[in-house]
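Written out below as structure tokens is the structure these notes cover.
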Amino acid sequence: MLSPGRALAQLVSRTLDCDPSLQLVHLNKAPCTGVNERTFLAIKPDGVQRHLIGEIIRRFEKKGFKLVGMKLMQASEDLLKEHYIALYDRPFYSHLVKYMSSGPVIAMVWQGLDVVKTARAMIGETNPADSRPGTIRGDFCIEVSKNVIHGSDSIESAQREISLWFHADELMCWADSTEHWIYE
């Protein structure tokens, strides 16, 4: 008899036509590395209101990363308090939670080689004034409190953030026909 986790992994694998061992890795929240590394990105309320969703997604697609989860949602204060728990002692914490819950956000999970590090570089510095042109924040932001996008800062935070914002069945495992043109 299969364990519940293994049975779920096989079901997900059959449904999504994926390698069951890869699904088990994601379901058990073990570190994903190499081309299977995942990161969490969220287009913040100002990015949604300014109609930057397509432009931001386009940049990650053009880079060659694979979108494996996405949803438009109104984040609850409880979710945001947990998400930003590391900033609890900071004077801007309450303002940040209030701002992030002020409108819809686009929560996303992207996959690819070194996606955490590369996504952070593509996003730019937290303070847009320190961000280079060509980065998302360098091109679209002026103030640090309205910096359009959030991105995980490490593999560990990506795992934690993905598990906060997504259930395992909301993440797709799919074969991208362009992978052989992107990876050796």
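Could you pull out the pairs from 62/117; 66/98; 63/117 whose alpha carbons sit more than 19 Å apart here?
Beyond 19 Å: 66/98.
So if R0 is 25 Å, what FRET efficiency would residue 180 and residue 33 give, r being the distance between their Cβ atoms, rounded to the nearest 0.05? Please list the in-between numbers first.
Values: r = 20 Å, r/R0 = 0.79.
It comes out at approximately 0.80.
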*Accessible area, 1.4 Å probe, largest first: how do 118, 33, 39 sort?*
33, 118, 39
_Paramagnetic reach from residue 129 in the stretch 138-156 [backbone N under 19 Å; point 7 Å along Cα→Cβ]_ = 138-149
*Accessible surface, 1.4 Å probe, highest first, among residues 152, 177, 145*: 177, 145, 152
*Theoretical FRET efficiency, 1/(1+(r/R0)^6), r = Cβ-Cβ of residue 121 and residue 92, R0 35 Å, to 0.05*: 0.90
*asked:* Under a crude label model (7 Å from the Cα following the beta-carbon direction), how far is residue 53 from residue 156 in nanometres?
replied: 3.4 nm
*Just the accessible area for residue 48, please: 1.4 Å probe, Å², rounded to the nearest 10?*
20 Å²
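Which of the chymotrypsin sites (Phe, Trp or Tyr not before Pro) across the stretch 43-98 are loop residues per DSSP, with 12 or fewer other Cβ within 10 Å? Don't jump to the answer; show the numbers that get you there.
Details: sites: 60, 65, 84, 88, 92, 93; in loops: 65, 84, 88, 92.
Those that pass, being in a loop and sparsely packed, are 88, 92.
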_Average accessible surface area per residue within the stretch 38-180, 1.4 Å rolling probe, Å²_ = 52 Å²
_For the full complex of protein chains and a 1.4 angstrom probe, list 73, 172 by accessible area with the highest value first._
172, 73
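The values are calculated or read from the model by the stated rules, or taken from the named source; none is laboratory data. Quick caveat, the model's predicted, so the values are computed rather than measured. Counting neighbours? That spans all protein chains shown, and the Cβs are built from the backbone with ideal geometry, glycine included. Ligands, DNA and RNA are excluded from the accessible area calculation, which covers all protein heavy atoms including side chains. Shrake-Rupley method; radii C 1.70, N 1.55, O 1.52, S 1.80 Å.
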